[in-house]
Amino acid sequence: MNKVELKWKLTPEEYHVTQEKGTEAPFSGEFVNHHEKGMYTCVVCGSPLFPSDVKFDSGTGWPSFADALPNAIKHVPDATNGMSRTEITCANCGAHLGHVFDDGPTETGKRYCVNSVCMEFEKKNR
């Protein structure tokens, strides 16, 4: 999908965050306090990203996950804003999702910090 098609498909905030590497305001996203069982998917292409059973409350204001599905995420070095971080993008379409940090409280030690507007949710039917 090209940039013009994406501008029609996505909301202005979804476009800004996924295509221009923006960030939604903390504690403003739909999935910060979301606790249903199912799968979080990429808002751009629909690819599965994170199962709900690895989501945890990090207190940061963004949905946080201990791990991603195998091969669902690409890790990209990010040195913007004078920081050294690792950006995470959808492995299928390249949409910016957020960043991953090595300060997670679970056995993985990871905290995938994701903007809610980058995801949709597919509820588990059981």
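Every read-out reported here was derived from the displayed coordinates using simple, explicitly stated rules and does not represent laboratory data. This is a predicted model, so every value here is computed, not measured. Heads up, the Cβs are rebuilt from the backbone with ideal geometry, glycines too, and the neighbour counts pull from every protein chain shown.
Tell me whether region 12-26 contains one or more residues that are surrounded by fewer than 13 Cβ atoms within 10 Å (Cβ to Cβ) and either touching a strand residue (DSSP E or B) at 6+ places or on another chain (Cβ under 7 Å) or under 17 Å from F121 (Cα atoms) (or both). No; the residues of region 12-26 include none that is surrounded by fewer than 13 Cβ atoms within 10 Å (Cβ to Cβ) and either touching a strand residue (DSSP E or B) at 6+ places or on another chain (Cβ under 7 Å) or under 17 Å from F121 (Cα atoms) (or both).
Within region 28-48, the only residue that satisfies the criterion of being assigned to a strand (DSSP E or B) and under 16 Å from H16 (Cα atoms) is C42. Applying the criterion of being in a strand (DSSP E or B) and of a type in the set (K, R) to the residues of region 83-112, the residue that is farthest from the chain's Cα centre (by Cα) is R85.
Is there a residue being out of contact with any strand residue (DSSP E or B) (no Cβ under 6 Å at 6 or more places or on another chain) and surrounded by 14 or more Cβ atoms within 10 Å (Cβ to Cβ) anywhere in region 71-93? Yes, because at least one residue in region 71-93 is out of contact with any strand residue (DSSP E or B) (no Cβ under 6 Å at 6 or more places or on another chain) and surrounded by 14 or more Cβ atoms within 10 Å (Cβ to Cβ).
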